[in-house]
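Here's the structure we're looking at; comments come further down.
The values are calculated or read from the model by the stated rules, or taken from the named source; none is laboratory data. Predicted model, so just to flag it, every value in this text is computed and none were measured. So basically every Cβ, Gly included, is an ideal-geometry build from the backbone, and we count neighbours across all protein chains shown. Calculation scope for accessible area: heavy atoms of the full protein, side chains included, ligands and nucleic acids excluded. Shrake-Rupley method; radii C 1.70, N 1.55, O 1.52, S 1.80 Å.
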Amino acid sequence: MASVRAASRLLSRRTISHVKAISTQYPVVDHEFDAVVVGAGGAGLRAAFGLSEAGFNTACVTKLFPTRSHTVAAQGGINAALGNMEDDDWRWHFYDTVKGSDWLGDQDAIHYMTEQAPAAVVELENFGMPFSRTEDGKIYQRAFGGQSLKYGKGGQAHRCCCVADRTGHSLLHTLYGRSLRYDTSYFVEYFALDLLMEDGQCKGVIALCMEDGSIHRFRAQNTVIATGGYGRTYFSCTSAHTSTGDGNAMVTRAGLPCQDLEFVQFHPTGIYGAGCLITEGCRGEGGILINSEGERFMERYAPNAKDLASRDVVSRSMTIEIREGRGVGPEKDHVYLQLHHLPPQQLATRLPGISETAMIFAGVDVTKEPIPVLPTVHYNMGGIPTNYKGQVIDYTDGKDTVVPGLYACGEAACASVHGANRLGANSLLDLVVFGRACALTIANEHKPGEKLSPLKPSAGEESVANLDKLRFANGSLRTSEIRLNMQKTMQNHAAVFRTGSVLKEGCDKMDDIYQTMEQIKTFDRGIVWNTDLVESLELQNLMLNAVQTINSAEQRKESRGAHAREDFRDRVDEFDYSKPLQGQEKKPFDQHWRKHTLSYVDPKTGKVTLKYRPVIDTSLDEQDCAHVPPAIRSY
Amino acid sequence: MFFLRVWVSASKQAVSRGVSVESVLTGCTRAASGTATDKEPLRKAKTPQGRFDVPEGKNKDVLEKFPDDVNPATKEKGGPRGPEPTRYGDWERRGRCVDF
């Protein structure tokens, strides 16, 4: 009540002196909950209703309606060692995931995820998710890349469970429908600005209500961040316009690190402009990549495999062609995928629907013109560092310390189950397992209705000041211009082709672009549904993610998983695993690269500081599931 | 009822003017009685063909549904329509690759 009265007093003061006042006052509403979840995608919804189910008074703060989160685009399936198609063991799934991560994944988190996988999928199925079935009525599982039996020696495993071709959509709707059974309070279209941190403890979130411009402070004993990835830092990405890494940025501004941001997954053929990916089957059926000279350039880079070379080889070749000036289009920044030399009947039977896709997304008739493509971002392995229970950690004095009151799950978190490279179908699994893990951890360690620790009345002042500054920004560069500069720089310098000089140049350019944020200009001065303001806030978040990504990539002098460098082509571990270990001396921690990068940013200057944290090599229970010692990763 | 009385008085005046109000009266009684005992069927309103209206029979999806939703090759029930999405090593759907 006091805050409402104060707000009305402020409002009345505003109307009297609004002519002279530069910054306006905002009505602030305070809320108290047991737990607040930021983000309502797969992981956020699972955490929110897990907490509500356990009796906690939970708020779910999201800038999008839950069923509009980017999880809806994940059409593939979820991996789980259910053993419906052949005998399967979750320990084989564990091995595959550890190997896929190029031994940068924390094996205790991977153990947790793969062991919980069958239970998680069965739980989803019990919630009503309509998985496809075999004749016997069991969940149908199909083969997908990177999954094997008997620790890689037993052939292809069938582990991917799906719902027709809309698993992510179905998952989101199932979870949302389920969450409505419990009394979670949804705050939809509230943009979370910052964490409320005091004495190193997270005491809640401050958010802007987009509908009426009021500021809301959510005080809670437990905060869960599930805000998704940050694909929009790159010019070409498959993610929604809303994938802006808000959670990572909030954590960075709170002085906490982000982990392994340099590991970004690329796909070679994404449609220029739209960002949708074209299947590798196009090249498998005979499609070829050509540059501005009409040359089939893959013949030079991979004389035997040509266009069917592995994804990273194709992506790098395309990038090198573009860098050397043989790109196509007015800005010479992409290449062409040619399919019109193939008989149209063959295209229609082998790849049904491709002509519509090409027409809708690229505006080309695939039987006459080539499709413009370039390497496209589709997943961010890095994020907020957590332990296997979902608690956010910091690395001080040589050990992991838990940040009280703060948890993270989903693509925003880095547990780290994907390590340096994510296997397909593991991402949806990661969402549900760690969303549930956060809810379970909170339920174990806290009780509903616990008294909240006191919070300074001025908490969140800086966030409001920043908001106010952006709302009345009157510099020389529009938000869209700065954003495009950042995206083009990241695409040119921190994409697939990474080498020392290119990365260093990119770091300097990003530094300059970060400084140009001071000259940002916004046009909408209103308070109701101010998308200009929200986009500028998102740009601030993207910037923090981008500088950390490119600086971490520049410092990591090796090639591991998705981070491949031309000047350091090999993995640099503590031992050389390509030779027998006997007789080898273990390299000291600061001379090898099998470690997690932790990046901190000073938000005022944009300066990035890096620290390193060792990989957790032991599983949760060595008797039950032995850890996998590092080896050379070859398939 | 008031309405009917007004009409009746109006029709009386119309009769004096020589206008046939039989049909009007029957219409009123029809409305008053509440049941639609139509001698002629009600005509459907004709809306103009919209720009985006697809005439019947043209809206065939390129990916056809399996009979009973069961894939004949793999016996999968409720699975993705059309050719197997994972046949090229990624998840292919209408030429697009989906990441998940």
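Report the extension gain between B:A73 and B:D61 in nm, rounded to one decimal, defined as 0.36 nm multiplied by the number of residues separating them, less their alpha carbon distance. Before the final figure, lay out each step's value.
Details: separation 12, 0.36 × 12 = 4.32 nm, distance 2.06 nm.
Once the chain is fully extended between B:A73 and B:D61, it gains 2.3 nm.
What is the extension gain from A:L610 to A:A119, computed as 0.36 nm multiplied by their sequence separation minus the C-alpha to C-alpha distance, in nm to one decimal?
Details: separation 491, 0.36 × 491 = 176.76 nm, distance 3.78 nm.
Stretched out fully, the A:L610 to A:A119 stretch lengthens by 173.0 nm.
For every other residue with a beta carbon closer than 15 angstrom to the beta carbon of A:Q75, add +1 if it is Lys or Arg and -1 if Asp or Glu, then tell me the sum.
+1
Using Cα pairs closer than 8 Å and at least 6 residues apart in sequence, work out the relative contact order for segment A:270-371, in percent. Display every interim value, and only then the final one.
Details: 123 pairs, mean separation 28.6, N = 102.
Rounded, it is 28 percent for segment A:270-371.
Is there a pair in A:K509/A:K607; A:K368/A:K488; A:K63/A:K469; A:K99/A:K153; A:K203/A:K451; A:K504/A:K587 whose C-alpha atoms are over 18 Å apart, and which pairs would that be?
A:K368/A:K488; A:K63/A:K469; A:K504/A:K587
Find which of A:H93, A:C438, A:F218 sits farthest along the positive direction of the dipole of chain A, computed with +1 on the beta-carbon of Lys and Arg, -1 on that of Asp and Glu, about the Cα centre.
A:F218
Could you state how much accessible area is buried at the A-B interface, both sides summed, with a 1.4 Å probe, in Å² to the nearest 100?
Numbers: alone 25990 and 9440 Å², together 32680 Å².
Chain pair A/B: roughly 2800 Å² of buried accessible area.
Residue by residue through A:269-281, how many Cβ atoms from other chains fall within 10 Å of the Cβ on average?
Numbers: counts 1, 3, 1, 0, 0, 1, 0, 4, 8, 4, 13, 5, 9.
Mean shielding by partner chains, rounded to a whole number: 4.
Any chance you could tell me what percent of the C-alpha pair distances in the protein assembly as shown go past 47 Å?
That tail contains 25 percent of the Cα-Cα pairs.
When the accessible area of the protein assembly as shown is split by element with a 1.4 Å probe, what percent falls to carbon and sulfur?
Carbon and sulfur together cover 52 percent of it.
For the pair B:E84 and A:A305, how long in nm is the line joining their label points, each one 7 Å along Cα→Cβ?
About 2.2 nm separates the two model spin labels.
For a quick protection proxy, order the peptides A:318-328, A:547-557, A:448-458 by their average other-Cβ count within 10 Å, most packed first. Present the calculation step by step, with values, prior to reporting the outcome.
Details: A:318-328: 19.0, A:547-557: 23.5, A:448-458: 11.3.
The most tightly packed comes first, giving A:547-557, A:318-328, A:448-458.
When the helices in chain A are scored as -39500 (n - 2.57) per DSSP H run of 4 or longer and the sum is shared across all residues, what 222 nm value do you end up with, to the nearest 500 deg cm²/dmol?
-10000 deg cm²/dmol
Please calculate how many Å² of accessible area the protein assembly as shown carries per residue, with a 1.4 Å probe and no DNA, RNA or ligand atoms counted.
Per-residue accessible area for the protein assembly as shown comes out at 44 Å².
Any idea what log10 I(q)/I(0) is at q = 0.10, 0.14, 0.17, 0.21 Å⁻¹ for segment A:482-635, Debye with uniform C-alpha scatterers and no solvent?
Debye intensities relative to I(0), on a log10 scale: -0.51, -0.82, -1.03, -1.32.
Using just the alpha carbons, could you tell me how many Å³ per residue the convex hull of segment A:225-344 encloses? Show your work: numbers first, answer last.
Numbers: hull volume 16.7 nm³, N = 120.
Output value, Cα hull per residue: 139 Å³.
Relative to the isolated chain, which residues of segment A:66-85 have their accessible area cut by 20 Å² or more in the presence of all protein chains (1.4 Å probe, heavy atoms, no ligands or nucleic acids)?
Hits at the 20 Å² cut-off: A:A74, A:Q75, A:G76.
Using 10 Å bins from zero, what percent of all Cα-Cα pairs in segment A:440-531 falls into each bin?
13, 26, 21, 20, 19, 1
Test of understanding: extend the Cα→C-beta vector of A:D136 to 7 Å, then name every residue of segment A:80-114 with backbone N under 12 Å from that spot.
Within reach of a label on A:D136, which here means backbone N under 12 Å from a point 7 Å along Cα→Cβ, segment A:80-114 contributes A:83-88.
Find the all-direction average of the projected area of the Cα convex hull for segment A:78-167, expressing the result in square nanometres with one decimal place.
The directionally averaged projection comes out at 5.8 nm².
With a point put 7 Å past each Cα toward its Cβ, work out how far A:K399 is from B:Q49 in nm, to one decimal.
7.8 nm
Of the trypsin sites (Lys or Arg not before Pro) in segment A:139-228, which ones lie in a loop per DSSP and count no more than 13 other C-beta atoms within 10 Å?
A:K153, A:R181
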